[in-house]
Amino acid sequence: MAFSDYKNVSQVQQEFKIKYAEANFVAAQEHQPTDSFQQEFAFSLENIDVFTSEAARAEAIIFPILREVYKSYHDKFSLWIQKTISYNASLNGTPDYLIATRSELGKTVLEKPLIALVEAKKNDFEQGWGQCLAELVAAQKMNGDDRMPVYGIVTDGKLWELGKLREGLFTKNSESFTVDHLARLFGALHFIFQSAPVKTAVAAA
């Protein structure tokens, strides 16, 4: 079944025997975005109805934030938008955004998927996390090493929630982050990027 067919975390837990926990594993320190980003972001918030649709949230809020943080790690990771991944018939689909190990072959080759970001459709975080956890299970299996953590982010643009899957345990970070406090949000995202392991890998699809 496709990732989007999973409706909640419990469904994924039961199918793949995953334990659930909550903890503040994100040791986020404030990270102030650049002045140019803050000016552009403020312009969008002031002049565009950025929360009017999923497309507006994705283009005006989510991607600009993700791209800005990604700039600091582009030599190690690759950023994919709507990249289809498939492990088997039960674990396949298209994450909204995906961070993977950068391939020596170039930006057209997907290596080990490390971070999956899902937009919460209609602000449905329950289904968003069900979909995201399924994506993390697929990433873990594609990587072939369940001891290597993979990270997930679910957001409606305004609220950002983070989680990680390592071995058979999914941990959701107890603290959430919002665009009202960009420095805290950027700090959390930088922590996730810095925590993602960098390994040379054989290309996978």
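The values are calculated or read from the model by the stated rules, or taken from the named source; none is laboratory data. Please read these numbers as outputs of a predicted model, since none were measured by experiment. Using ideal geometry, Cβ is built from the backbone for each residue, glycine included, and neighbour counts are taken over all protein chains shown. Remember, those area values only see protein heavy atoms, side chains included, never the ligands or the DNA or RNA. Shrake-Rupley method; radii C 1.70, N 1.55, O 1.52, S 1.80 Å.
A few points about this structure:
- Out of Ala55, Ala23, Ala42, Ala100, sole residue that is in contact (Cβ under 8 Å) with a residue 12 or more places away in the chain, under 28 Å from Gly187 (Cβ atoms) and open to solvent by 20 Å² or more (accessible area, probe 1.4 Å): Ala23
- Failed item, numbered, when Gly187 is tested on (1) more than 21 Å from Tyr73 (Cα to Cα); (2) assigned to a helix (DSSP H, G or I); (3) at pLDDT 95 or above: (1)
- Matching option when the condition is open to solvent by less than 10 Å² (accessible area, probe 1.4 Å) and among the charged types (D, E, K, R), among Glu135, Glu161, Glu175, Glu167: Glu135
- Residue match in the range 91-110 (condition: in a strand (DSSP E or B) and over 22 Å from Tyr6 (Cα atoms)): yes
- Out of Phe43, Phe37, sole residue that is in contact with a helix residue (DSSP H, G or I) (Cβ under 6 Å, 6 or more places away or on another chain), assigned to a helix (DSSP H, G or I) and farther than 25 Å from Phe125 by Cα: Phe37
- Test for Gln127: is it polar (S, T, N, Q), open to solvent by 10 Å² or more (accessible area, probe 1.4 Å), in contact with a strand residue (DSSP E or B) (Cβ under 7 Å, 6 or more places away or on another chain) and not in a loop (DSSP other than H, G, I, E, B): no
- Looking only at the range 88-97, residues that are open to solvent by 10 Å² or more (accessible area, probe 1.4 Å) and over 16 Å from Ile192 (Cβ atoms) come to 6 in all.
- Checklist (1) on the phi > 0 side of the Ramachandran plot; (2) free of Cβ contacts under 8 Å to residues at least 40 places away in the same chain applied to Gly157, failing item: (2)
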